[in-house]
Amino acid sequence: MTSADQSSRNYLKASDAQTASRQSQKLLFVRATAAVLACLLGLVGFASQAAAEQDLDTDYTALIGGHEFEARAADPAASSCAAGDSNQRIIYTLARGVPVTGGGLSAGTSRIRCGSSSWGLRHIDIQHSGQWGTIASRVGGGWEEFMAWAVGEILRVPERATYRASNDTWGYTAPLVILDSDGNVVGEYNPLVAVAAGSGNVITAYPRS
């Protein structure tokens, strides 16, 4: 073997060793990166779980006009309207006041009837139960009983009422606040309750931020 052949072999061996070393380093880097990512994901998961547990452990209070919501429903997920109920069946009868700013119907009574997919309790269930349920879950209630409480309080002491000519309704509003156990405001809403100008029936109701 010539010296040139020996030098070539030595070069190839050195090159192979360097390649193996680089591959080993890359493998170690990949493993280390994966370990760091797993650790970070674990920390994020732990933080999310801790936040959720803290939220569950915190007592929240819902207030409208100084009146507090108290959960009472035996089955918070149940709806009061069965499939065969008439759309005119009355579910809630609520006192209706007059806003201090004027507007709205005269003082009297409004009703939440079963209705249909376009008005009443069935409409609210289809279109807005998720929104009500999100807030209700913080104060330990079901979506319907919480909605009925909120609508009742808003109609009883409305802050304002605005007429909407397109569907001949009055939109009643009043602030809804969520307080934590220390009395800090952690949620603010301005729900809308639409009442038919002719019948006084509740057409729809939904929370707004």
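The values are calculated or read from the model by the stated rules, or taken from the named source; none is laboratory data. Small disclaimer: the values here were computed from a predicted structure and weren't measured. Cβ atoms come from the backbone with ideal geometry, glycine included; neighbour counts cover every protein chain shown.
Looking at this structure, is Ala194 touching a Gly at 6+ places or on another chain (Cβ under 6 Å), under 21 Å from Ile91 (Cα atoms) and not in a helix (DSSP H, G or I)? It is true that Ala194 is touching a Gly at 6+ places or on another chain (Cβ under 6 Å), under 21 Å from Ile91 (Cα atoms) and not in a helix (DSSP H, G or I). Annotation: of all residues in the stretch 142-172 being part of a helix (DSSP H, G or I) and touching a helix residue (DSSP H, G or I) at 6+ places or on another chain (Cβ under 8 Å), the one that is surrounded by the most Cβ atoms within 10 Å (Cβ to Cβ) is Met147. Looking at the structure I just gave you, is Ala197 within 23 Å of Ser116 (Cβ to Cβ), touching an Asp or Glu at 6+ places or on another chain (Cβ under 6 Å), surrounded by fewer than 18 Cβ atoms within 10 Å (Cβ to Cβ) and among the hydrophobic types (A, V, I, L, M, F, W, C)? So Ala197 fits the description; yes.
Please tell me if Leu94 is in a strand (DSSP E or B), closer than 30 Å to Val185 by Cβ and assigned by TED's automatic domain parsing to the domain that holds Ser181. The answer is yes for Leu94. Only residues that are touching a strand residue (DSSP E or B) at 6+ places or on another chain (Cβ under 6 Å) and surrounded by 21 or more Cβ atoms within 10 Å (Cβ to Cβ) were counted across the stretch 100-118, and they come to 4. Checked against (1) assigned to a helix (DSSP H, G or I); (2) of a type in the set (A, V, I, L, M, F, W, C); (3) under 21 Å from the mean Cα position of the chain (by Cα), Val139 meets all criteria but (1).
Within the stretch 69-88, does at least one residue satisfy the condition of being part of a strand (DSSP E or B) and under 15 Å from Ala196 (Cα atoms)?
Taking the stretch 69-88 and keeping what is part of a strand (DSSP E or B), we get none.
No, every residue in the stretch 69-88 fails to be part of a strand (DSSP E or B) and under 15 Å from Ala196 (Cα atoms).
So that you can scan it fast, the table gives a plain yes or no per residue for (1) at pLDDT 95 or above; (2) among the hydrophobic types (A, V, I, L, M, F, W, C); (3) out of contact with any Leu (no Cβ under 6 Å at 6 or more places or on another chain):
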{"site": "Leu94", "(1), (2), (3)": "yes, yes, no"}
{"site": "Ala107", "(1), (2), (3)": "yes, yes, yes"}
{"site": "His123", "(1), (2), (3)": "yes, no, yes"}
{"site": "Ala165", "(1), (2), (3)": "yes, yes, yes"}
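Within the bounds of the stretch 136-159, is there any residue that is of a type in the set (Ser, Thr, Tyr) and under 21 Å from Ser80 (Cα atoms)?
Narrowing the stretch 136-159 to residues of a type in the set (Ser, Thr, Tyr): 137.
Checking the rest, the ones that are also under 21 Å from Ser80 (Cα atoms) come to 137.
Yes, the stretch 136-159 contains at least one residue that is of a type in the set (Ser, Thr, Tyr) and under 21 Å from Ser80 (Cα atoms).
Beta carbons closer than 7 Å, at least 6 apart along the sequence or on distinct chains, pair a first residue in the stretch 99-127 that is on the phi > 0 side of the Ramachandran plot with a second that is among the polar types (S, T, N, Q) and surrounded by fewer than 17 Cβ atoms within 10 Å (Cβ to Cβ) for Gly103/Thr162; Gly115/Asn87; Gly120/Asn87.
Tell me yes or no: at least one residue of the stretch 77-96 is among the β-branched types (Val, Ile, Thr) and under 24 Å from the mean Cα position of the chain (by Cα).
Pass one, the stretch 77-96, residues among the β-branched types (Val, Ile, Thr): 90-91, 93.
Checking the rest, the ones that are also under 24 Å from the mean Cα position of the chain (by Cα) come to none.
No, the stretch 77-96 contains no residue that is among the β-branched types (Val, Ile, Thr) and under 24 Å from the mean Cα position of the chain (by Cα).
Among the conditions (1) buried (at least 18 other Cβ atoms within 10 Å of the Cβ); (2) under 20 Å from the mean Cα position of the chain (by Cα); (3) within 18 Å of Phe69 (Cα to Cα), the only one that Glu188 does not satisfy is (1).
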